[in-house]
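A short worksheet on the structure shown next.
The values are calculated or read from the model by the stated rules, or taken from the named source; none is laboratory data. All values reported here derive from a predicted model rather than from experimental measurement. In this analysis, Cβ positions are derived from the backbone assuming ideal geometry, glycine residues included, and neighbour counts consider all displayed protein chains. Quick note on the areas: whole protein, heavy atoms, side chains included, nothing else; ligands and nucleic acids left out. Shrake-Rupley method; radii C 1.70, N 1.55, O 1.52, S 1.80 Å.
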Amino acid sequence: GKGGQRLLRKKGGLKEVEIVSEEMTEDGNSAIVTYKQHYGDGSVKEDTQKMIKVDGKWLMDIGK
């Protein structure tokens, strides 16, 4: 997104991404992943991301 890289630098870079939970849909072809982004300055941001299974691989569902 806009200003994302600048924000990362300000926060000391992204240190790790911790998966908090994965919620699979009934058909097993998509999931909502909740994760925490840990930054170099010690701050943490929690976020969710929809993932879809395409040809057996998990991909981020962006654009919808």
The stretch 19-64, residues that are in contact with a strand residue (DSSP E or B) (Cβ under 9 Å, 6 or more places away or on another chain), of a type in the set (A, V, I, L, M) and more than 18 Å from Leu8 (Cα to Cα): Ile19, Val20, Met24, Ala31, Ile32, Val33, Met51, Ile52, Leu59, Met60, Ile62
Got a sec? Which strands (runs of 3 or more DSSP E) wholly within the chain have at least 2 residues that are polar (S, T, N, Q)? 30-39, 44-54
If Glu26 satisfies all but one of (1) loosely packed, with under 10 Cβ neighbours inside 10 Å; (2) under 15 Å from the mean Cα position of the chain (by Cα), what's the number of the condition it fails? (2)
Name the pairs whose Cβ atoms lie under 9 Å apart, with the first residue in the stretch 20-31 and at positive phi, the second assigned to a strand (DSSP E or B) and open to solvent by less than 100 Å² (accessible area, probe 1.4 Å), and 6 or more positions between them or separate chains? Gly28/Lys53
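Could you pull out the residue among Gly13, Gly4 that is surrounded by fewer than 10 Cβ atoms within 10 Å (Cβ to Cβ) and out of contact with any Pro (no Cβ under 6 Å at 6 or more places or on another chain)? Break it down into steps so the answer makes sense when it comes.
Values: Gly13 fails: surrounded by fewer than 10 Cβ atoms within 10 Å (Cβ to Cβ).
On inspection, the qualifying residue turns out to be Gly4.
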How do the pairs read when you match residues in the stretch 44-64 that are open to solvent by less than 100 Å² (accessible area, probe 1.4 Å) with residues anywhere that are of a type in the set (Ser, Thr, Tyr) and assigned to a strand (DSSP E or B), using Cβ under 7 Å and keeping only pairs 6 or more apart or on different chains? Asp47/Tyr35; Thr48/Thr34; Gln49/Tyr35; Lys50/Ser30; Met51/Ser30; Ile52/Ser30; Lys53/Ser30; Asp61/Ser30
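So which of Gly40, Gly4, Gly12 ends up being at pLDDT 95 or above and of a type in the set (Gly, Ala, Ser)?
Numbers: Gly4 fails: at pLDDT 95 or above; Gly12 fails: at pLDDT 95 or above.
Going through Gly40, Gly4, Gly12 in turn, the sole match is Gly40.
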